[in-house]
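> Have a look at this one.
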Amino acid sequence: MVELKEYLGGWLEGRIEPGVAGLVGMRLISAGGGEARLEMQAGPQHHNPMGIVHGGILCDLADAAMGGAMASSLEEGETFSTVELQMNYFRPVRQGPLSASARMVRRGRTTAYLESEVLDADGQLVAKGSSCCVIRHARGD
């Protein structure tokens, strides 16, 4: 299994295919110190039947940013799982560049809380997310 910090480095350098993030078209711009930033180009391939970017795509972008922020904070032998994900949507998007920035708000020994904002090309807030993660340690607790 690849350590998550190694995965982030490989994604940043283009050595690792990012799975679903690649399918959606997300690019990792930065990750470190409990923060991460991703970008994507939204277009018709991301639309719902109403002709706007599907909320699930915005949620994926925010979740991937929060996952990158979480992964960047892990110590050797630690992994994590998201146990709660909350999204709020503020304005529709049809197409154009989107960015998601995430930061860890609080980390304890076994849980962490993160927040993310998704912005459009004009810097307008499109959506905001939060996540609670459980931290797993190599020794099994």
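> With over 18 Å from the mean Cα position of the chain (by Cα) and at pLDDT below 95 as the only criterion, which of G108, G140 stands out? First the steps, then the outcome.
Values: G108 fails: at pLDDT below 95.
Being over 18 Å from the mean Cα position of the chain (by Cα) and at pLDDT below 95 holds for just one of G108, G140, which is G140.
> From L58, L4, L85, which residue is crowded, with 18+ Cβ neighbours inside 10 Å, touching a helix residue (DSSP H, G or I) at 6+ places or on another chain (Cβ under 8 Å) and not hydroxyl-bearing (S, T, Y)?
Sole residue among the options that is crowded, with 18+ Cβ neighbours inside 10 Å, touching a helix residue (DSSP H, G or I) at 6+ places or on another chain (Cβ under 8 Å) and not hydroxyl-bearing (S, T, Y): L4.
> Among the residues of the range 65-80, what is the count of those that are in contact with a helix residue (DSSP H, G or I) (Cβ under 8 Å, 6 or more places away or on another chain), crowded, with 24+ Cβ neighbours inside 10 Å and over 14 Å from E6 (Cβ atoms)?
0
> If you don't mind, there's one more thing I want to ask. Filter the range 19-51 down to the residues that are assigned to a loop (DSSP other than H, G, I, E, B) and either buried (at least 18 other Cβ atoms within 10 Å of the Cβ) or under 12 Å from the mean Cα position of the chain (by Cα) (or both) and list them by number. Steps first, please.
Let us first name the residues in the range 19-51 that are assigned to a loop (DSSP other than H, G, I, E, B), namely 19, 25-26, 33-34, 43, 48-51.
Correct list: M26, G34.
> I'd like to know if the range 56-73 contains one or more residues that are farther than 19 Å from Q41 by Cα and acidic (D, E).
No: the range 56-73 contains no residue that is farther than 19 Å from Q41 by Cα and acidic (D, E).
> Of the conditions (1) within 25 Å of G14 (Cα to Cα); (2) at pLDDT 95 or above; (3) not basic (K, R), E76 fails just one. Which one is it?
Going through the list (1) within 25 Å of G14 (Cα to Cα); (2) at pLDDT 95 or above; (3) not basic (K, R), E76 breaks only (2).
> Quick one: is A138 exposed (fewer than 12 other Cβ atoms within 10 Å of the Cβ) and not β-branched (V, I, T)? If you could, list the steps in order and put the result at the bottom.
Values: exposed (fewer than 12 other Cβ atoms within 10 Å of the Cβ): yes; not β-branched (V, I, T): yes.
Criteria met by A138.
> Determine, yes or no, whether A65 is within 10 Å of the chain's Cα centre (by Cα) and either small (G, A, S) or on the phi > 0 side of the Ramachandran plot (or both).
Numbers: within 10 Å of the chain's Cα centre (by Cα): yes; either small (G, A, S) or on the phi > 0 side of the Ramachandran plot (or both): yes.
Criteria met by A65.
> Looking at the range 87-111 only, could you name the residues that are within 24 Å of H54 (Cβ to Cβ), assigned to a strand (DSSP E or B) and polar (S, T, N, Q)? I'd like the intermediate steps shown before the answer.
Restricting attention to the range 87-111, the residues satisfying the condition of being within 24 Å of H54 (Cβ to Cβ) are 87-102.
Pick out the ones that are also assigned to a strand (DSSP E or B) and you get 87-89, 96-102.
The answer is N88, S99, S101.
> Among E84, E117, which is among the acidic types (D, E), more than 20 Å from M26 (Cα to Cα), assigned to a strand (DSSP E or B) and within 16 Å of the chain's Cα centre (by Cα)? Walk me through it before giving the result.
Numbers: E117 fails: more than 20 Å from M26 (Cα to Cα).
That would be E84, the only listed residue that is among the acidic types (D, E), more than 20 Å from M26 (Cα to Cα), assigned to a strand (DSSP E or B) and within 16 Å of the chain's Cα centre (by Cα).
The values are calculated or read from the model by the stated rules, or taken from the named source; none is laboratory data. Every value quoted in this text rests on a predicted model; they were computed, and no experiment measured them. Neighbour counts are summed over all protein chains in view; Cβ atoms, including those assigned to glycine, are modelled from backbone coordinates with ideal geometry.
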